[in-house]
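To start, the structure itself, in structure tokens.
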Amino acid sequence: MPDDAPRFIAKYALEAVPRYTSYPPATKFHGKVGLADWQRWMTQQDKNPALSIYVHIPFCKSMCWYCGCHTTIPNAHRRVEHYLAALDIDIRRRAESAPPDGRVCHIHFGGGSPDMLKPEEFRAVMQQIRASFNVAPDAEIAVELDPRGLDSELCQAMAQTGVNRASLGVQDISHEVQKLIHRIQPLEIVQAAADKLRAVGISAINMDMMYGLPAQSVARVCETANAIAGMGADRVSVFGYAHVPWFKKHQRAIPEERLPGAAERFDQMLAANHTLSEAGYERIGFDHFARPADPLARAARDGSLRRNFQGYTTDPSTILIGLGASAISECPQGYVQTEPNPVRYANAVTSNADMIVRGVGRSMAQQAVASRIANLLCQFETEVEPGDPVDLAKDMLAEALVRIDDGRITLTEAGRPYVRNLAARIDPAFRSTTEQHSVAV
């Protein structure tokens, strides 16, 4: 093994640290921020801002036991219809408060499973977005999909309304693992979903896989990574399963005795990284991979890579407008999040009440910290500022996980799996003993 190869170091791999998809992290959100704050922030934006829209569809046909998302299982489709009626109002109202000279360059549908929508329902949502916002002709419009619920009619509706990228959840191709996570999904179903999307012209395909699931092994992770590469995915996300049954009650159904240990998780992560690299993918940040010609890989090379609640992205927007239950909106001045419960969200919207339940403002100093942490997560280096608690990283320096040269602190190859640990060390607000986070690896 090369001297600079990543190695399992328990005190870092097991350290609970924020994911830093936002700064301040979502654990700092509180209930004293509301819709009026967001509307005020919207009046403080620069001219001609780039906008991004996130649409949350909080419904699935069945619950995957590993899931950490805000989703529910509707007992009738009328629940979806009631939600979509509120979402239609939400789109129009949020557009009214958005900067009038803003231009939408990214739209992302997540969930839940957006494939829970009927073709005509998806068309209606997209039509309302286009009628309410100025959507750029070349906007990236992406949809997260469950391969098991995808049919050709919905694919056609998505293509006709401008969808040009789709993300398919694979997780693991082993039947034993799938049974233990309550997601039976033969590989043929994933391939068929990719074929349907490509047949209608949606050729940019992302796929997600996981490590740390019950009954997973290095061999099974490698098999999954090879299968994803064989299906021609343009981007691959490799996520570690976060077992948080105190937060997501359905995770209690997962047999904890079948979960891999910390060192096993680390080996699985390295195996996925190695397999995908050998298949020709370029590593993007600490958990994404992309084909060399993909825009994400180009962004990583030219320094324009960004990170937000959807992970690593090419989205250059300064304003993210979150629509739907649990959706988070972001601008330089702060964050707001809507009511997570779909029924309460819909009732608040239709009664013209405040559907924002929490958020946090962001000072100029916090914006500067956010920029530095983003640089670290995207480029594995950032500048050292006067007053930085560099002594907090002395353990990582001693382990040769980081180095400091010419006023910059940089992760070594061995240190890259621990980039979130370093981010926490330069985060002046981080307190590992007061908040619950997922482990670093």
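Derivation of every value follows stated rules applied to the coordinates shown; laboratory data play no part. Source: prediction; values computed, not measured. Cβ placement follows ideal geometry from the backbone for every residue including glycine, while neighbour counts extend to all protein chains displayed.
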Practice problem: Springs between alpha-carbon atoms under 10 Å, Gaussian network over the chain: tell me which of P245, P99, P58 tops the mean-square fluctuations. | Solution: P245
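Take F59, F109 and order them by how many other Cβ atoms sit within 10 Å, fewest up front.
F59, F109
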Quiz item: Around I181, which amide H atoms from residues at least 5 apart in sequence, or from another chain, sit under 5 Å from its own amide H, with H modelled in the peptide plane?
Solution: none
Quiz item: For E256, E153, what ranking results if the residue with the fewest other Cβ atoms within 10 Å of its Cβ goes first?
Solution: E256, E153
Quiz item: Using helices alone, what [θ] at 222 nm do you get for the chain, with -39,500 (n - 2.57) per DSSP H run of 4 or more residues, divided over all residues and rounded to the nearest 500?
Solution: -10500 deg cm²/dmol
Quiz prompt | Share, in percent, of DSSP beta bridges within the chain that are antiparallel, nearest 5 | solution = 45
Exercise. Just check region 362-432 against the gyration tensor rule for me: Cα atoms, a ≥ b ≥ c as the square roots of the eigenvalues, rounded for a/c under 1.5, and otherwise prolate or oblate depending on whether a/b exceeds b/c.
Key: prolate
Quiz item: Karplus couplings for region 166-177 from phi (6.51 cos²θ - 1.76 cosθ + 1.60, θ = phi - 60°), rounded to Hz, Gly and Pro as x?
Solution: 9, 10, 10, x, 10, 6, 7, 8, 6, 5, 5, 5
Quiz item: Which percent of Cα-Cα pairs in region 26-361 sits in each 10 Å bin, short to long?
Solution: 5, 25, 34, 26, 9, 0
Quiz prompt | Highest average packing first - 261-269, 321-329, Cβ atoms within 10 Å | solution = 321-329, 261-269
Quiz prompt | For the chain, built as a Gaussian network whose Cα springs stay under 10 Å, the top-fluctuating residue of W65, W38, W246 | solution = W246
Exercise. Of the options M209, V135, H82, report the single residue whose Cα projects farthest towards the positive end of the charge dipole of the chain (beta-carbon charges: Lys, Arg +1; Asp, Glu -1).
Key: H82
Quiz prompt | region 280-290 - phi-based ³J(HN,Hα) in whole Hz, Karplus 6.51/-1.76/1.60, Gly and Pro as x | solution = x, 7, 9, 6, 10, x, 9, 8, 10, 9, 8
Quiz item: Say we join alpha carbon atoms closer than 10 Å with springs in a Gaussian network model of the chain; which of A353, A204, A50 then has the biggest fluctuation?
Solution: A353
Quiz item: If packing is taken as the mean number of other Cβ atoms within 10 Å per residue, what is the order of 194-201, 134-141, highest first?
Solution: 194-201, 134-141
Exercise. Pairs to check: K118/K179; K11/K248; K28/K394; K11/K179; K61/K179. Give those whose C-alpha atoms are more than 22 Å from each other in this structure.
Key: K118/K179; K11/K248; K28/K394; K11/K179
Practice problem: Search the structure for amide H atoms under 5 Å from the amide H of Q333, placed 1.01 Å from N in the peptide plane, and list their residues when 5 or more places away or on another chain. | Solution: none
Exercise. With a/c under 1.5 counting as rounded, go ahead and sort region 298-344 into rounded, prolate or oblate using the C-alpha gyration tensor (a ≥ b ≥ c being the square roots of the eigenvalues; past the cut-off, prolate if a/b is larger than b/c, else oblate).
Key: prolate
Quiz item: How would you classify region 321-441 from its alpha-carbon gyration tensor, with a ≥ b ≥ c the square roots of the eigenvalues: rounded for a/c under 1.5, else prolate if a/b is greater than b/c, otherwise oblate?
Solution: prolate
Quiz item: Which value, in debye to the nearest 20, gives the size of the charge dipole of region 206-314 about its Cα centre, when Lys and Arg are +1 and Asp and Glu are -1 at the Cβ?
Solution: 380
Quiz item: Gap in Å between the Cα centre of region 174-249 and the Cα centre of region 86-120?
Solution: 27
Practice problem: For I107, enumerate residues with amide H under 5 Å from its amide H, sequence gap 5+ or separate chain, H modeled in the peptide plane. | Solution: I53, E140, I141, A142
Quiz item: If you bin every alpha carbon distance in region 210-255 into 5 Å steps from zero, what whole percent lands in each bin?
Solution: 5, 18, 23, 20, 15, 11, 7, 1
Self-check item: Assigned charges on the beta-carbon of Lys, Arg, Asp, Glu; the chain dipole about Cα centre (debye)
Solution: 1020
Practice problem: In whole Hz, with x marking every Gly and Pro, tabulate ³J(HN,Hα) for region 308-318 from phi via Karplus 6.51 cos²θ - 1.76 cosθ + 1.60, θ = phi - 60°. | Solution: 9, 5, 8, x, 6, 8, 9, 5, x, 5, 9
